[in-house]
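Where a number appears in this text, it was derived from the coordinates with a stated rule and is not lab data. Since we're looking at a predicted model, the values are computed, not measured. Cβ coordinates were reconstructed from backbone atoms using ideal geometry, including for glycine residues, and neighbour counts include every protein chain displayed.
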Amino acid sequence: MTGSDGAPAALLESVAPLAEAHDVALFDIDGVLLLGHSAVPHAAAALTDLSATGVRHGYLTNNASRSPAAVADELQAVGIPARAGEVTTSALAIAGLMSEELPAGSRVLVVGGPGLREATSETGLTVVDSAEDHPAAVVQGLALDIGWPELSEAALAVRAGATYFAPNLDATVPRERGLMIGNGSLVAAVVNATGVTPRTAGKPAPGIFHQALQRVGGRNPVVCGDRLDTDIAGARAAGFPALHVLTGVDRARAVLLAPPDHRPSYLGTDLRALSGPHPAPREEAGWWTCGGSAARSVNGALELRSDGSDLPLESADLTMDDYRCLASAAWSAADAGAPIDSAALPELRISAPR
Ligand SMILES: [Mg+2]
């Protein structure tokens, strides 16, 4: 079975450190660089190291509430060297789509933050705030002060025939205290009230990845993300390899259970994985081996050996090679029509390489 880019949905090998093998790194922001307003551990140091090697950075966010300049300011405040021209938001992506589909000057009811309002007006569309203004379209993105009045205004306009757009449909957004309500969950209220589903342009749509690469230039990108259904699925759809990190939404257990289109090319615990090589497990006699680790699937259950000894999946401090072998064994079992039993799979505790 292959991913949507036609390549086998298996781990790739990078003998050289990822940062040396690529000329551009495209970063998801929430859960990769930031948790709320705080930096993800090791992210600032990893990005500073990357700048020193000359690898270009692009920042790619489904958060449509802030402008690229505001996003860059927020990243700089935690020590990440970002510039506005390196930031691509789903607001820019949806504004691009609306400007292709609506006549110039069309009225658009914007429910969302300043980033979405700015992106909409910059494409030559006219921002309005009420269904009474007879908008041609409604665009709805996340802002933390959206409530019943704004959602109802959107519903009224959509019911009256306005075309419905949303920069992204993320159900949740990771913050310091956990997974909060994302734009997709607020959109679901309007969909429930109107029966109309919005057009969307954020991740996992491939266009925003190509747009991000175009903004920073370069030829050989690697995408860094925490969500399988947006970052990794979108990178795969765009034809770009992706590094998955464990600092945000999806954990190692979800990676093992991922369908082919959601599988990362490289695995890491955090962005320090950019500065290291990535061996890929090889299969021999049913075992997937990498370094001193080996894993296989037997009747829907994963077995793990480390340096020749059986190791329970519940062990603390599983190594990256353990993790790579478990992912390869789980994916190949699923592809062979004998998926592992998710009910018997615990959350894995992976430790960063020392
Ligand atoms: Mg994220």
query: With N residues in region 243-354, what two-decimal value do you get for its Cα radius of gyration over 2.2 N^0.38 Å?
result: 0.97
field: Note, ³J(HN,Hα) from phi for region 227-237, Karplus 6.51, -1.76, 1.60, rounded to Hz, x at Gly and Pro
entry: 9, 6, 7, 10, 5, 6, 4, x, 4, 5, 5
query: Using Cα atoms only, what is the angle between the long axis of helix 320-335 and the major principal axis of the chain, expressed in degrees (0 to 90) to the nearest 10?
result: 80
statement: The set of residues whose placed amide H lies less than 5 Å from the amide H of Leu34, leaving out same-chain residues fewer than 5 positions away, is Val40
task: Fewest Cβ neighbours within 10 Å first, please rank Glu100, Glu13, Glu118 accordingly.
output: Glu100, Glu13, Glu118
message: List the residues, sorted by chain then number, that are 5 or more residues from Gly182 or on another chain and whose placed amide H is less than 5 Å from its amide H.
response: Thr172, Val173
field: Charge context of Val245, other residues only, Cβ under 13 angstrom, K/R +1, D/E -1
entry: -3
- request: Treat the count of other C-beta atoms within 10 Å as a stand-in for reagent exposure and order Phe27, Phe165 from fewest to most.
  value: Phe165, Phe27
message: Could you work out the relative contact order of region 91-200? I mean the mean sequence separation of Cα pairs under 8 Å and 6+ apart, divided by the number of residues, in percent.
response: 24
query: Of Val71, Val158, Val298, which has the largest mean-square fluctuation in a 10 Å C-alpha GNM of the chain?
result: Val298
Leading residue at positive end of dipole, region 282-344 (Cβ point charges), from Ala294, Ser332, Thr319: Ser332
Among Ala252, Ala285, Ala233, residue whose mean-square fluctuation peaks in a GNM of the chain (springs only between Cα atoms under 10 Å): Ala285
- prompt: Taking springs between alpha-carbon atoms closer than 10 angstrom, which of Val223, Val191, Val173 fluctuates most in the Gaussian network model of the chain?
  reply: Val191
query: Which distance in Å, rounded to a whole number, links the C-alpha centroids of region 309-323 and region 142-217?
result: 39
- request: Kindly identify the chain as rounded, prolate or oblate by the Cα gyration tensor criterion: order the square roots of the eigenvalues as a ≥ b ≥ c, call it rounded if a/c is under 1.5, otherwise compare a/b with b/c, prolate if a/b is larger, else oblate.
  value: prolate
query: What is the magnitude of the charge dipole of region 282-344 about its Cα centre, with +1 placed on the Cβ of each Lys and Arg, -1 on the Cβ of each Asp and Glu, and no other charges, expressed in debye to the nearest 20?
result: 160
field: Sum of side-chain charges, Gly268 neighbourhood, beta-carbon under 11 Å (Lys, Arg +1; Asp, Glu -1)
entry: 0
- request: Bin width 10 Å, alpha-carbon pairs only: give the P(r) of region 146-207 as whole percents, running from 0 to the bin holding the largest distance.
  value: 22, 49, 25, 4
field: Relative contact order %, the chain, counting alpha carbon pairs below 8 Å whose residues are six or more apart
entry: 19
Percent antiparallel among DSSP beta bridges (both partners in the chain, rounded to 5): 40
query: Size of the dipole of the chain about the Cα centre, Lys and Arg at +1 and Asp and Glu at -1 on the beta carbon, nothing else charged, in debye to 20?
result: 240
query: Let a ≥ b ≥ c be the square roots of the eigenvalues of the Cα gyration tensor of region 282-344; is it rounded (a/c under 1.5), or, if not, prolate (a/b larger than b/c) or oblate?
result: oblate
message: Can you work out the Karplus-derived ³J(HN,Hα) for every residue in region 13-25? Use 6.51 cos²θ - 1.76 cosθ + 1.60 with θ = phi - 60°, whole Hz, and x for glycine or proline.
response: 9, 10, 5, 7, x, 3, 5, 8, 8, 10, 9, 9, 10
- request: Could you tell me how many degrees, from 0 to 90 and to the nearest 10, lie between the Cα long axis of helix 43-53 and the main elongation axis, the longest principal axis, of the Cα atoms of the chain?
  value: 80
- request: Would you mind checking which residues have amide H under 5 Å from Thr163's amide H? H placed 1.01 Å from N; only 5 or more apart, or other chain.
  value: Ala137, Val138
message: Using Cβ counts within 10 Å as a stand-in for footprinting exposure, how do Ile340, Ile29 rank, fewest first?
response: Ile340, Ile29
message: Run through region 1-87 and list the trypsin sites (Lys or Arg not before Pro) located in a DSSP loop whose Cβ has at most 16 other Cβ atoms within 10 Å.
response: Arg83
task: Could you work out how far helix 148-159 tilts from the main Cα principal axis of the chain, as a 0 to 90 degree angle to the nearest 10?
output: 80
